[in-house]
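> I have a structure here, written as structure tokens, and I will follow up with some questions on it.
The values are calculated or read from the model by the stated rules, or taken from the named source; none is laboratory data. Model, not experiment: these values are computed from the prediction. Cβ placement follows ideal geometry from the backbone for every residue including glycine, while neighbour counts extend to all protein chains displayed.
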Amino acid sequence: MSGEILLEESEAKSRTPVKMLVQKIRAMVDTEAELVQICLGTTVLEHGAMLGDYLAPETQKPMMELTFLKLLGPAVTAEALTGRDIKLLDSVPGRGDRCHFDRSYRFISLGSFADKTSMRYLMTSNDDKVTPSEEPMWRLNVRMPVIVYLNFRSEMHCRCARDWLEKGAWTRSTQMDSTVTSGIPNGPYSGPVFFKAVDSGLLDLNGSDCGEGTYFVFIDIQPNLS
């Protein structure tokens, strides 16, 4: 935020999505969408809203001046305590894309995770599957509100992690459809999805100690909820 005009949008109207402006600013400053914050005075504009949501009809003016802030980031970082490869991708993989660094297993369907611009996928190493269920396998450092989803490969796979899911207050989703993936020995795989909202801090994800592999992790960035 330098005081200089970064973007002029002469075609902006009350029904203009805030996320459209966010994407344009993101491209101009080369940053992630969740690190772009647009403000009207002291009010933060939610990415999923319209410009008109922040102006009463009687106060609408021909010109609207907004302030752009670049938040400190990234929103989430990930570490594999096993030392194997791990990376939080900028988006969700597509159909046919690989599930892991160290396997050729592919996504046949992305279920309810597909086509969500705020969703990220945690690319991991399937060899981490040997991590005991009582030990941390991956660690997330969360710097802004997110919803973390754990997509297990089957009901049996989920039972291997039952104890730490219960202790960690993870909730089984009735809304999210599972991914479908290839894999051995029992593929194609599709299983239950658990979720947890996290505002900030460290979140350890334990092992499942299961021959079917590791679970899949999706992270939905929730900007402007704090």
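> Has the stretch 88-106 got at least one residue that is in contact with a Gly (Cβ under 8 Å, 6 or more places away or on another chain), farther than 28 Å from PRO145 by Cβ and either part of a strand (DSSP E or B) or among the aromatic types (Phe, Trp, Tyr) (or both)?
Yes; the residues of the stretch 88-106 include at least one that is in contact with a Gly (Cβ under 8 Å, 6 or more places away or on another chain), farther than 28 Å from PRO145 by Cβ and either part of a strand (DSSP E or B) or among the aromatic types (Phe, Trp, Tyr) (or both).
> Quick one: is ASP53 within 29 Å of LYS13 (Cα to Cα), surrounded by fewer than 12 Cβ atoms within 10 Å (Cβ to Cβ), at pLDDT 85 or above and not β-branched (Val, Ile, Thr)?
Against the criterion (within 29 Å of LYS13 (Cα to Cα), surrounded by fewer than 12 Cβ atoms within 10 Å (Cβ to Cβ), at pLDDT 85 or above and not β-branched (Val, Ile, Thr)), ASP53 does not qualify.
A quick yes/no check of all residues on (1) assigned by TED's automatic domain parsing to the domain that holds THR181; (2) surrounded by fewer than 19 Cβ atoms within 10 Å (Cβ to Cβ); (3) more than 30 Å from PRO17 (Cα to Cα):
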residue: GLY96; (1), (2), (3): yes, yes, yes
residue: TYR121; (1), (2), (3): yes, no, no
residue: LYS129; (1), (2), (3): yes, no, yes
residue: LEU140; (1), (2), (3): yes, no, yes
residue: ARG143; (1), (2), (3): yes, yes, no
residue: VAL146; (1), (2), (3): yes, no, no
residue: ASN151; (1), (2), (3): yes, no, yes
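> Look at the stretch 32-45 and say how many of its residues are more than 16 Å from the chain's Cα centre (by Cα) and in a loop (DSSP other than H, G, I, E, B).
Adding up the residues that qualify gives 3.
> Condition first: aromatic (Phe, Trp, Tyr) and surrounded by 20 or more Cβ atoms within 10 Å (Cβ to Cβ). Now tell me which residues in the stretch 195-216 satisfy that.
Those that are aromatic (Phe, Trp, Tyr) and surrounded by 20 or more Cβ atoms within 10 Å (Cβ to Cβ): TYR215, PHE216.
> Turning to a different aspect of this structure: Given the conditions (1) modelled with pLDDT of 95 or more; (2) among the β-branched types (Val, Ile, Thr); (3) surrounded by fewer than 21 Cβ atoms within 10 Å (Cβ to Cβ), and given that ILE219 satisfies all but one, which numbered condition is not satisfied?
(3)
> Taking the condition at pLDDT below 80 and surrounded by 14 or more Cβ atoms within 10 Å (Cβ to Cβ), does VAL18 pass?
Here the answer is no, as VAL18 does not meet what is asked.
> Any idea how many residues of the stretch 82-137 are among the β-branched types (Val, Ile, Thr), modelled with pLDDT of 95 or more and within 16 Å of ILE221 (Cα to Cα)?
1
> Quick one: which residue in SER178, SER173 is polar (S, T, N, Q), modelled with pLDDT of 95 or more and surrounded by fewer than 18 Cβ atoms within 10 Å (Cβ to Cβ)?
None of the others qualify; the one that does is SER173.
> Out of all the residues in the stretch 69-121, which are more than 20 Å from GLY207 (Cβ to Cβ), in contact with a Ser or Thr (Cβ under 7 Å, 6 or more places away or on another chain) and free of Cβ contacts under 8 Å to residues at least 60 places away in the same chain?
If the condition is that a residue be more than 20 Å from GLY207 (Cβ to Cβ), in contact with a Ser or Thr (Cβ under 7 Å, 6 or more places away or on another chain) and free of Cβ contacts under 8 Å to residues at least 60 places away in the same chain, then ARG95, ARG98 are the ones that fit.
> Can I ask one more? Any idea which residue in the stretch 138-197 is farthest from GLY213 (Cα to Cα), counting only those that are free of Cβ contacts under 8 Å to residues at least 12 places away in the same chain and among the basic types (Lys, Arg)?
Per the criteria, the residue is LYS167.
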